[in-house]
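The values are calculated or read from the model by the stated rules, or taken from the named source; none is laboratory data. Computed from a predicted model, the values in this text were never measured in an experiment. Heads up, the Cβs are rebuilt from the backbone with ideal geometry, glycines too, and the neighbour counts pull from every protein chain shown.
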Amino acid sequence: MNSLHATPHTARIVLGTLTALVLLAAMSAVAASTPVTSDQFAPGWQEHTHGITKWDELPPAARAYLRALEELAGCPLAIVSTGPDRDANIVLRDPWA
């Protein structure tokens, strides 16, 4: 997809360089929500993770961050992308199983 158009049922939200479409029905839920920032549930890290393909090679803080995301989302991660290349992924489980 190389364009993103709003429809009468969606609103376009721009956050810095990120543009997203949100269903208008969800806007009241978004407005009433409380953001959770990463510093509230996991520390950051300074090590490079680009191109890593094995879970154990990630910095411990990166692994803690990803586990915290799983907890917040209420579901396990299947694939972690570590770069733009097709093989720059850590496959944790089969996403189609």
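Being outside any helix (DSSP H, G or I) and either among the basic types (Lys, Arg) or loosely packed, with under 12 Cβ neighbours inside 10 Å (or both) is the filter here; which residues of region 48-73 pass it?
Listed by number, the residues that qualify are His48, His50, Lys54.
Could you please find all residues in region 40-97 being at positive phi and not small (Gly, Ala, Ser)?
If the condition is that a residue be at positive phi and not small (Gly, Ala, Ser), then no residue fits.
Would region 24-34 turn up any residue that is of a type in the set (Ser, Thr, Tyr), within 24 Å of Ala68 (Cα to Cα) and at pLDDT 70 or above? Walk me through how you get there before you give the answer.
The initial filter retains those residues of region 24-34 that are of a type in the set (Ser, Thr, Tyr), namely 28, 33-34.
Cutting the leftovers down to within 24 Å of Ala68 (Cα to Cα) gives us 33-34.
Add one more test, that the residue is at pLDDT 70 or above, and what stays is 33-34.
Within region 24-34, one or more residues are of a type in the set (Ser, Thr, Tyr), within 24 Å of Ala68 (Cα to Cα) and at pLDDT 70 or above.
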